[in-house]
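The values are calculated or read from the model by the stated rules, or taken from the named source; none is laboratory data. Here the structure is a predicted model, which means the values were calculated and not measured. Counting neighbours? That spans all protein chains shown, and the Cβs are built from the backbone with ideal geometry, glycine included.
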Amino acid sequence: MNGEGQAWYDRLLNIDRRWIYLLMAVVVIVPAIRPFAVPVGISGEVRAVHDFIAELPPGQVVHLAIDYDPSTLAELHPMAEAILHQCFAQDLRLVITALSQFGPAMADEIVTRVAAEHGKQVGVDYAFLGYKPYPAITILAMGTDYRVPFPTDYYGTPVDSIPVMRDIHNYANVACVISLAGGNVADMWIQYGNAKYGVPVALGVTGVMASDYYPYLQSRQIFGLLPGVKGAAEYERLRNRSGEASRGMPYQVTSHLLILVAMVVANIGFIAQRRARAGVR
Amino acid sequence: MKKQIPILIVFITGLVMVLQYFVPHATSEFLFTYANDFVIVIGILALPLGIFSLMRGTVIKAKRDPRERFYAIVTIAGFLAMVIAGVQRSQFTTPGTWLQNMFSYVMIPCQATIFSMLAFYIASAAYRAFRVRTWLATVLLVTAFIVMLRIVPLPEPLSGWNSAIVQWILAVPNMASKRAIIIGVGLGAISYSMKIILGIERGYMGGDR
């Protein structure tokens, strides 16, 4: 029953999917055993984000919205780290929010760690406002005043008493918003942040989401886009630092190669099957 | 009146909020902020409802099916552990607390693992789905092949050609189709919202039309 009397192309097309799972596991383990570097070209949409921040003078404010969950941590955490390093290295002030319900603790960890590497202090060099439910409402409210949705920061300190927030009231006081999102919060930043308040918005999204946002790039509703791990690796290359994204690229290469080979092999079998059946008729 | 009052409230509120968007007066902004606060309050009131539904559904499933009892106990125990651990505000902001450790060493790995398993399913799906059955399927296959190839380091000039083709695919046909979808969805949302405001669509009243 299992393959006896079947042609090679039928056996190929009906292969147990567990063999494919096993092959995927093997190709993902290979880079861990034999790491290799992956050359990464720089795309215009990633360079736009980097150059925008690079041209900001010291003391200017960037709003970094860490709007993702642990499920998309592998793709978006490297972006957050690269952007935080760049902002702190340039002595920019940061307002950080986390509009994903599972994100604040994760955001707190990365911001605290990167800030410590640059000797930056919470309240003096950056403010972490934390999480509030209903991202659309929160984004709209921050356009009026950050203090409306966030009377206190993540640590319970009244925002009015935070030195870095003294002259920051709403989006008019920030140079841009960079939203790293694994869901539809990215759309909300475009619809409410950029459309209603005119604040420049850039997005960092997962690979599968990236193609959805090119229309907004073309219409200049967003000024830059970081697509997935590759976008994060490009950003790290622009920063001349090797981070998690650059270390994750070999795994992407091997798994993508497997999928490409699987597509080719499946179609070889499919074409052979079709020809055999046409010959029989 | 049981049907008319909710429809009237929705009509008046919807109309006021639509007009508010275009009125740049301080009173209009105050109304907007006030309304947003109410949305948050109503949402918070939905939280205990959601928790009750979760617990009730879990207990009922455990009573009906003995095989589900272990998972029901895990669900309820995990829920109670996080709630009890998170009662104190300091549990959120102080490193090394029970809540932080459960989040960092249980929640994050679990969520990341669930998402990571997609790679296996995608490989299997690509093997079975991307076949040259029709001309359109062939176009889909070739496009997917080219776009996925950009991750793979290729020798020059193949790398340059591939990047240029991928950029064209993303910037022209992909953008055109996504734009059409976005506009369609937007028009659909406007239409649906108008139907709710005008009382034509009454699904929010429990499906009673």
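Assorted remarks:
- Residue match in segment B:156-165 (condition: facing chain A (nearest Cβ under 9 Å) and crowded, with 16+ Cβ neighbours inside 10 Å): yes
- Candidate set: segment A:89-126, residues that are out of contact with any strand residue (DSSP E or B) (no Cβ under 8 Å at 6 or more places or on another chain), part of a helix (DSSP H, G or I) and among the hydrophobic types (A, V, I, L, M, F, W, C); chosen: the one surrounded by the most Cβ atoms within 10 Å (Cβ to Cβ): A:A105
- Subset of segment A:161-171 that is over 25 Å from the mean Cα position of the chain (by Cα) and in contact (Cβ under 8 Å) with a residue 24 or more places away in the chain - its residue that is farthest from A:E55 (Cα to Cα): A:I162
- Members of segment A:218-244 that are in contact with an Asp or Glu (Cβ under 8 Å, 6 or more places away or on another chain), closer than 9 Å to A:V49 by Cβ and of a type in the set (A, V, I, L, M, F, W, C): A:L225, A:L226
- Just one residue in the set A:Y146, A:Y235, A:Y155 is in a loop (DSSP other than H, G, I, E, B), in contact with a His (Cβ under 7 Å, 6 or more places away or on another chain) and aromatic (F, W, Y); that residue is A:Y146.
- Options A:A276, A:A202, A:A272, A:A186: the member that is closer than 18 Å to B:M175 by Cα, in contact (Cβ under 8 Å) with a residue 24 or more places away in the chain, away from chain B (no Cβ under 11 Å) and assigned to a helix (DSSP H, G or I): A:A186
- In segment B:51-70 there is no residue that is away from chain A (no Cβ under 14 Å), surrounded by 13 or more Cβ atoms within 10 Å (Cβ to Cβ), out of contact with any Pro (no Cβ under 9 Å at 6 or more places or on another chain) and under 23 Å from A:L99 (Cα atoms).
- Test: residue in segment A:205-217 that is within 12 Å of chain B (Cβ to nearest Cβ), touching a Phe, Trp or Tyr at 6+ places or on another chain (Cβ under 9 Å) and either surrounded by 21 or more Cβ atoms within 10 Å (Cβ to Cβ) or within 22 Å of B:L170 (Cβ to Cβ) (or both): yes
- Of all residues in segment B:76-104 being farther than 14 Å from A:A105 by Cβ and outside any helix (DSSP H, G or I), the one that is modelled with the lowest pLDDT: B:Q88
- Some residue of segment B:173-181 being within 24 Å of A:G248 (Cα to Cα) and either out of contact with any strand residue (DSSP E or B) (no Cβ under 8 Å at 6 or more places or on another chain) or in contact (Cβ under 8 Å) with a residue 12 or more places away in the chain (or both): no
- Segment B:105-121, residues that are more than 7 Å from chain A (Cβ to nearest Cβ) and part of a helix (DSSP H, G or I): B:Y105, B:V106, B:P109, B:C110, B:T113, B:S116, B:L118, B:Y121
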